[in-house]
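S.K.: I'd like to ask some things about the structure below.
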Amino acid sequence: MRADPLSFLSLELGAMKEAGLYRRLRILDDEQKASTSFDHRSVVNLSSNNYLGLTTHPTLRTRAIEAIERFGVGSGSVRTIAGTMAIHMELERRLAEFKKTEAVVVFQSGFTANAGTVSSILTKDDVVVSDELNHASIIDGCRLSRAEIKVFPHKDVDAARRIVAALPAAQRKLLITDGVFSMDGDLGPLPALCEVAEEFGCIMMVDDAHASGVFGGNGRGTIDHFNVHGRVDVQVGTLSKAIGALGGYVAGTKSLIEFLYHRARPFLFSTSHPPAVAAACLAAIDVLLEEPHIIDRLWENTRFFKAGLQRLGFNTGMSESPITPVIVGDGALAMRLSDRLFDAGVFAQGIAFPTVATDKARVRTIVTATHTREQLQFALDAFERTGHELGILQ
Ligand SMILES: Cc1ncc(COP(=O)(O)O)c(C=O)c1O
């Protein structure tokens, strides 16, 4: 019999199990909402990116169903052949209006928006200057572009400036940061980075995946929050988190978007969204504009829960958003904390290396607008008990 050429994978999985870092997928057997059921257990859900509860919002549901009835379940092609439906164009037009930019292109996900954009606008002769905690999709886009990658310490604008200043003036440079960092919940220093980009002629790019629907007026993102409109050349957003459906987009000038229509590989070589997804995203824009009290509620819950964790004495890092990490250091301890919380009826995902540094393992919490105070207090009580049991709290 032929020896399994993939047997080394089992060895690696065994090593993960020994280190306590092996992860079983939790199975959601109900809707994605604030209190739900995973693995047949009712839990307060602090692990989704469903910031505004839009995954189950009645307007989005109705409009998605209507789109299925009218247009069917699939687009049947990539955008550049037969898969551009009127509803895709309508979504791009509405998003551009919402983001106050000339144009928008929608991708299948935030991941493909980042990776497809960076890899198509840069070449091997260019340089990317990137925050060390930028999302994996940015890193992959940088690698695919074959541009030189220079990484600056997290949020260190002076270091970014020194890197950029040392590069030849004529060389094309992309300065790139997350708007909200997904594992720490802190914000990229946009105004200061925009100044560096302007001084040295860099292309300025922001990945606003976790800011879309959360920061800025009606959830327009960190560009609106910091009022740096017109100073960020490439804005990436996602439709998969607060918007409640699926997808990513790039907002910018008409020429940027037309270029991506011609060169971004996920746009050219992967089928476009089913019409129901586009319809749900369009409905979500209406909700952001017409029901901004949902965003206010998200922030009230965020303040309540973050203050509660801090009062208990947990290390919550530098978070400024609804993402609040509970940093415990050791990877196995983070996984144990997550498991114990789950047994106590709270789902907060443990996160360890390689997603975060080896000594910065954590349980990540994300509150949503739809959590009730009782649910959040239940979660805080579980954190308190479990934190003491595991010796994280004294
Ligand atoms: C900062 C950041 N950018 C991009 C993405 C990718 O977005 P999507 O889930 O829409 O692919 C994520 C999602 O994990 C993210 O956290």
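The values are calculated or read from the model by the stated rules, or taken from the named source; none is laboratory data. Predicted, not measured: the structure shown is a model, and the values here were computed from it. In this analysis, Cβ positions are derived from the backbone assuming ideal geometry, glycine residues included, and neighbour counts consider all displayed protein chains. For the accessible areas, the whole protein counts, side chains as well, though only heavy atoms, and no ligand, DNA or RNA atoms are used. Shrake-Rupley method; radii C 1.70, N 1.55, O 1.52, S 1.80 Å.
S.K.: For the chain, modelled as a Gaussian network with Cα springs under 10 Å, which listed residue fluctuates most, P322, P275, P292?
M.R.: P292
S.K.: Let me ask something additional. Any chance you could check the Cα centroid distance between the stretch 274-321 and the stretch 368-390 for me, in angstrom?
M.R.: 17
S.K.: Next question, about the same structure. Using every alpha carbon pair in the stretch 83-152, what percent of pairs falls into each 5 Å bin from 0 up to the bin containing the largest distance?
M.R.: Whole-percent P(r) values from 0 Å outward: 4, 16, 20, 19, 15, 14, 9, 3, 0.
S.K.: Moving on. Determine the gain in length on full extension of the stretch F8-K124; use 0.36 nm per residue of separation and subtract their C-alpha separation, reporting nm with one decimal. Walk me through the numbers before you get to the answer.
M.R.: Values: separation 116, 0.36 × 116 = 41.76 nm, distance 3.34 nm.
The F8-K124 span can extend by a further 38.4 nm.
S.K.: From the Cα gyration tensor of the stretch 174-304, with a ≥ b ≥ c the square roots of its eigenvalues, which class applies: rounded if a/c is under 1.5, or else prolate if a/b is larger than b/c, or else oblate?
M.R.: Numbers: a/c = 1.97, a/b = 1.06, b/c = 1.85.
It is oblate, given that a/c is not under 1.5 and a/b is not larger than b/c.
S.K.: Right, another one. Quick one: in the stretch 309-350, what % of C-alpha pairs are over 17 Å apart?
M.R.: 34
S.K.: Computed on alpha carbon atoms, what radius of gyration and Dmax characterise the stretch 322-392, expressed in Å?
M.R.: 11.9, 34
S.K.: Right, something else. Multiply the residue separation of Q377 and R26 by 0.36 nm, subtract the distance between their alpha-carbon atoms, and state the gained length in nm to one decimal. Intermediate results must be reported in sequence, preceding the final value.
M.R.: Working: separation 351, 0.36 × 351 = 126.36 nm, distance 2.32 nm.
Length gained between Q377 and R26: 124.0 nm.
S.K.: If the viscosity is 0.890 mPa s and the temperature 25 °C, what Stokes-Einstein diffusion coefficient in µm²/s follows for the chain when Rh is the Kirkwood radius over Cα pairs?
M.R.: 111
S.K.: In addition: List the residues whose amide H sits under 5 Å from the amide H of A211, counting only those 5 or more places along or on another chain, with H placed 1.01 Å from N in the peptide plane.
M.R.: So A211 has HN proximity to V180.
S.K.: What is the diffusion coefficient of the stretch 171-233 in µm²/s, taking the Kirkwood radius over Cα pairs and the Stokes-Einstein relation at 25 °C with a viscosity of 0.890 mPa s?
M.R.: After rounding, the answer is 210 µm²/s.
S.K.: Can I ask one more? For the stretch 250-297, how big is Rg over Rh, using alpha carbon atoms and the Kirkwood form of Rh?
M.R.: 1.13
S.K.: Using all alpha carbons of the stretch 254-394, what is the percent of pairwise distances in each 5 Å bin, ordered from the shortest bin to the longest?
M.R.: For the stretch 254-394, the pair-distance distribution reads 2, 9, 14, 16, 13, 10, 11, 11, 7, 5, 1, 0.
S.K.: Moving on to the next point. Kirkwood hydrodynamic radius of the stretch 100-238 from all distinct Cα pairs, in Å?
M.R.: Details: mean 1/r = 0.0679 Å⁻¹.
Radius from the Kirkwood sum: 14.7 Å.
S.K.: Based on DSSP H runs of at least 4 residues, each adding -39500 (n - 2.57), what is the mean residue ellipticity at 222 nm of the chain after dividing by all its residues, to the nearest 500 deg cm²/dmol?
M.R.: -13000 deg cm²/dmol
S.K.: For the stretch 131-199, what value does the Rg/Rh ratio take when both radii are computed over Cα atoms and Rh is the Kirkwood radius, given to two decimals? Kindly include the intermediate steps, with their values, before the conclusion.
M.R.: Working: Rg = 11.9 Å, Rh = 12.6 Å.
Taking Rg over the Kirkwood Rh, I get 0.94.
S.K.: So how many Å³ per residue does the convex hull of the Cα atoms of the stretch 1-93 work out to?
M.R.: Given the Cα convex hull of the stretch 1-93, per-residue volume reads 260 Å³.
S.K.: Enumerate the whole-percent occupancy of each 5 Å bin, from 0 to the last occupied one, for all C-alpha pair distances of the stretch 224-268.
M.R.: P(r) over the stretch 224-268, rounded to whole percents: 6, 17, 22, 24, 19, 11, 2.
S.K.: While we're on this one: Going by average Cβ neighbours within 10 Å, how do the peptides 279-291, 73-85 rank, with the highest at the top?
M.R.: The packing order, highest mean first, is 279-291, 73-85.
S.K.: What distance in nm lies between label points placed 7 Å from Cα along the C-beta direction at E198 and A86?
M.R.: 4.3
S.K.: Computed over the Cα atoms of the stretch 289-370, what is the ratio Rg over Rh, Rh following Kirkwood? Don't skip to the end; give the middle numbers.
M.R.: Values: Rg = 13.8 Å, Rh = 13.4 Å.
Over the Cα atoms of the stretch 289-370, Rg/Rh equals 1.03.
S.K.: Give me the number: length gained by fully extending E18 to K100, i.e. 0.36 nm times residue separation minus the C-alpha to C-alpha distance, one decimal in nm.
M.R.: Contour length minus Cα-Cα distance gives 24.4 nm.
S.K.: Continuing with this model, one more query. As a test of understanding, state the convex hull volume per residue of the stretch 1-157 from its alpha carbons, in Å³.
M.R.: 284
S.K.: Carbon and sulfur together cover what percent of the accessible area of the chain at a 1.4 Å probe radius? Show your work: numbers first, answer last.
M.R.: Numbers: 9470 of 17600 Å².
Here it works out to 54 percent.
S.K.: At 1.4 Å probe size, with every protein chain present, just tell me what the per residue accessible area of the chain comes to in Å².
M.R.: Details: 17600 Å² over 394 residues.
That works out to 45 Å² for each residue.
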